[in-house]
Every structure is written in C-alpha cells, then in structure tokens.
Amino acid sequence: MLSREYLREHTDDYRDALKRRGATVNLDRFLDLEAERRRTIASVESLKARRNTASQEIASLKKNKQDASAQIEAMKKVGDEIRQLDERLAQIETDLRAVELEFPNVPDASVPVGPDDSANRVERTWGEKPRFDFPPAAHWDIGEALGILDFERATKITGTRFTVLLGAAAHLSRALASFMLDSHTKRGYREILTPFMVNADSLTGTGQLPKFEEDLFKLQGEKAYYLIPTAEVPVTNLYRDEILDAATLTQSFCSYSPCFRAEAGAAGRDTRGLIRQHQFEKVELVKFTMPDRSWEEHERLTHDAEAILQALNLAYRVVTLSSGDMGFTSAKTYDIEVWLPGQDTYREISSCSNFLDFQARRANIRYKTADKKTGFVHTLNGSGLPLGRTLVAVLENYQQKDGSVLVPEPLRPYMGGMERITRA
C-alpha cells in the first residue's frame, strides 16, 4: 500500500509508474474519495468546534438561571449532523481502502522499463554449464527411468500438476531442505516454522488479497482459512499490527513450508515435470529492516540465495525484472535462473524482492527508534530455494551417460553417504 500523501502530492509520478508497469487502476476514484474524506473531516471538526463553543454558552446560561432550550435544540441538530458525517467518513474509509488495495507498488528507478520479460536485464552469470558426450535428458525422463518420480499415480491420487517422489527423490528433497536451512542459519537467519494455513488478513497484508484470490486455495469450513502460497505470508504477518524496536532490526528468518498455488494464470504452461506444481516445498527467506538499509539487505538476501546454487555447483544467472514483469507488491526483483541442460535453457529458481514499506503499510508493521520516532519497516523476501526446482536442477546437471545421477558432495552427508542415484 502506498501512502495517501504520496498519491495526493505525486499523482503525476504515480501515473507514470503505472504506465511503466502497464497497469490500470482507478486513481481518479481514489483522488475523489480522498478529497471528500478531507472535506468531511474538516466539516466534522468545524461542527465539533461549534458544539464546544455552544456547550460553554449553554453552561453559562444555566449558571445564570437563563433559558438555554434554543441552544440545546440547535446542538441536537449539530450532533445529528456530526453522527451522519462520521457514518459517511467510515464509509469513505472503507471505499478508500478497497481502492488502495488495488494499487501496485512503484518500480524503483533502477528497474528496466518494458512490458514483459523481454525487457529483463541480465546482471551477472555464475558457474560453467556442464558438458555432456550424450544428449542430456529432461528431469521427467530421468526421474521416470530411475523410478523416483511418478506423475501418473499422482494424477490418479489427486490430479494434474502433482508428483509422487519415491526413494532417492524423496530422500534428496529432504536433504535439500536440511542443507538449505543449515546453510541459512549459519548465515544469520533464524529458523521459523509457521502454520501452513492463514486468514484473509494475512494474505491482504502481503498483497495476495484481494487482487489474486483466484490463485489461492481456500478451505471450506466454519472459518475462512487459505493454504499458504509461500511462507512469505505467515512469516511477514508474524509482526502484523506490531511496533518493533528499531534496535532489533534487521531481523532475518528462514522458513521451510509446503506451498499451494492454483496457478490460475498459468493454464497450459509447464505442464510436464516439476516446474509448475499446485503443491511444492520451499525454503523462504524473509527480512524486516530499517528503510535506510533495505537496498543493502536486498543485495545480501539475493547473494544468500545464490550461495545455495554455488555450493551445489549449479550454473545460474541473476536477472533484474522489468517494470512490466515484476510482481504487484515489489519495488525491485532479482530473479535467479538456474541452467537446465535437459531443457537447454535457464529457468527461474528464486525471486528476491524488496517491497520497501508497501507490505508494512498493508500489515501495519512499524518501528520505533530510541528517540521515539516511528515509521514503517521495510520487508524483503526471496526463495532460498524451492526444493522441487532445485531437485530438477540436480537431476539434469548431474545426470550420467548410464542413466544414473551423481549426488552433489554437500548433500551426501544428508543422504547417508549416497554418492549416486541408480534405479532400485
């Protein structure tokens, strides 16, 4: 959520930001409501001042044994006007919030301008792509040949975009989670395990509601709970409606969780394999920081996600998303794209975003300094990393000519010393 002061005083700047994003919102509706809100507040304050003056007059008349009935009757009418205006003001606030929640964040000036991913900018690459003396296979063929990925039975159990991991694949997924959590906690993150269901207020705070409800799984029952699309939601809402001691910031969390996404806007995309699933697991990184440190923390968070790929010796590149490709809540996003030889392309494996105070305003997360100054914290998050896509990268990059897959050395202690995955 953006500040009303910014929207009022920098309207043309925000119109320009919307153009850069390719977004359409009812900004004029906001401006009309905001103007009415300010007029209504002024009217209420004027009436209350009038009432206070009249109250003193009435008190004086009564003290002097004079008739104050006319003044009392007039003040009843003023009281009715105030109540009516207060009711209107409450409705204006409701309407304003509904409009404001549809407004996307402002792209940072360093974000490349463009309509889609064609304008994304490659910032750096790392590692060497593996060379093979055979045609490298895609992970779905590797997994089925080894008997460790079963897409057909998952479809029978549940439906499309689900997978059963068997034997070494299940073990490898568990090893990746432990390796990632251990790596991040050594780098200063605090591990946290949250509920995997959240309420609507939490999803509103991080920006999934109301705009992206179709991408969520809502549970049927007495209470309106949703399955989380990412641990970003419960971890960020840990401090919703709270004021943090500025001296405790930056706070960094890492969290394992399953993630559930309807993928309503991705019909027909990545229908094979593990790339785009309705259910997957991930280790998420979340930061709460002071405004003057958020860009520094954004770089640090991105490097922390990269460190996992470097440890696994997986080639990747870092891309800055364009204004038209970045997420609704983000001011700037780096995508980390890992090389997948079986598909002969880079694929996104992590998005590391700085939201500035956008989420904190929605979730009302503030800080207080030693001299009692308050403000909204800045929030950041990134995947560090999704287990499924990392498993895909391991299978495709470490595949061998005989159909087996080498286990990256850092993962071997987590897999009981297993060095190679072969068909059981």
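The values are calculated or read from the model by the stated rules, or taken from the named source; none is laboratory data. Please read all numbers here as calculations on a predicted model, not as lab measurements. Don't worry about glycine lacking a Cβ; one is built from the backbone with ideal geometry, like all the others, and counts go over all protein chains shown. Just so you know, the surface numbers come from the protein's heavy atoms only, side chains and all, with ligands and any DNA or RNA stripped out. Shrake-Rupley method; radii C 1.70, N 1.55, O 1.52, S 1.80 Å.
When the residues of the range 124-144 are narrowed to those that are touching a residue at least 60 places away in the same chain (Cβ under 8 Å) and open to solvent by 60 Å² or more (accessible area, probe 1.4 Å), which ends up nearest to K401 (Cα to Cα)? Going through the qualifying residues, I end up with D133. Within the range 98-111, the set of residues being part of a helix (DSSP H, G or I) and not aliphatic (A, V, I, L, M) comprises just one member, E100. Selection of the range 282-301 for residues being of a type outside the set (D, E, K, R) and within 15 Å of the chain's Cα centre (by Cα) yields V283, L285, V286, F288, H298, L301. Filtered by the rule that a residue be assigned to a helix (DSSP H, G or I) and buried (at least 19 other Cβ atoms within 10 Å of the Cβ), the range 146-172 gives L146, A168, A169, H171, L172.
Assess whether A177 counts as being surrounded by fewer than 15 Cβ atoms within 10 Å (Cβ to Cβ) and among the hydrophobic types (A, V, I, L, M, F, W, C). So A177 fails the test.
Assessment of the range 278-292 against the conditions (open to solvent by 30 Å² or more (accessible area, probe 1.4 Å) and more than 22 Å from R389 (Cα to Cα)) yields at least one matching residue. Total residues in the range 400-424 satisfying the condition of being of a type outside the set (A, V, I, L, M), open to solvent by less than 10 Å² (accessible area, probe 1.4 Å) and under 36 Å from the mean Cα position of the chain (by Cα): the figure is 1. Scan the range 112-137 residue by residue and report those that are part of a loop (DSSP other than H, G, I, E, B), over 30 Å from A17 (Cβ atoms) and not charged (D, E, K, R). Residues satisfying the conditions are G127, P130, F132, F134, P135, P136, A137.
Against the test of being part of a helix (DSSP H, G or I), among the acidic types (D, E) and open to solvent by less than 60 Å² (accessible area, probe 1.4 Å), the options D95, D80 yield a single qualifying residue, D95. W140 falls short on exactly one of the conditions (1) farther than 30 Å from D357 by Cα; (2) in a helix (DSSP H, G or I); (3) over 31 Å from the mean Cα position of the chain (by Cα); (4) modelled with pLDDT of 95 or more, and that condition is (3).
Kindly indicate the residue of the range 213-231 that is loosely packed, with under 15 Cβ neighbours inside 10 Å and within 17 Å of the chain's Cα centre (by Cα) and also nearest to R97 (Cα to Cα) among those meeting that condition. Per the criteria, the residue is E213. Checked against the criterion of being open to solvent by 30 Å² or more (accessible area, probe 1.4 Å) and in a helix (DSSP H, G or I), the candidates D182, D270 yield just one match: D182. Filtering D67, D116 for residues that are touching an Asp or Glu at 6+ places or on another chain (Cβ under 6 Å) and open to solvent by 40 Å² or more (accessible area, probe 1.4 Å) leaves a single hit, D116. Within the range 79-89, the presence of a residue that is more than 30 Å from L2 (Cα to Cα) and in contact with a Gly (Cβ under 8 Å, 6 or more places away or on another chain) is excluded. Taken over the range 1-27, the residue count meeting the criterion of being within 13 Å of E102 (Cα to Cα) and open to solvent by 80 Å² or more (accessible area, probe 1.4 Å) is 2. Among the residues of the range 192-212, at least one is open to solvent by less than 30 Å² (accessible area, probe 1.4 Å) and in a strand (DSSP E or B). For the range 232-255, a residue qualifies if it is assigned to a strand (DSSP E or B) and either open to solvent by 60 Å² or more (accessible area, probe 1.4 Å) or among the polar types (S, T, N, Q) (or both), and the qualifying residues are I243, D245, Q251, S252, S255. When L31, L47 are checked against the criterion of being assigned to a helix (DSSP H, G or I) and touching an Asp or Glu at 6+ places or on another chain (Cβ under 9 Å), L47 stands alone in meeting it. On the given criteria, is D67 of a type outside the set (S, T, N, Q) and either assigned to a helix (DSSP H, G or I) or over 29 Å from D335 (Cα atoms) (or both)? Yes: the conditions hold for D67.
Restricting attention to the range 285-339, the residues being touching a residue at least 40 places away in the same chain (Cβ under 8 Å), touching a strand residue (DSSP E or B) at 6+ places or on another chain (Cβ under 7 Å) and charged (D, E, K, R) number 7.
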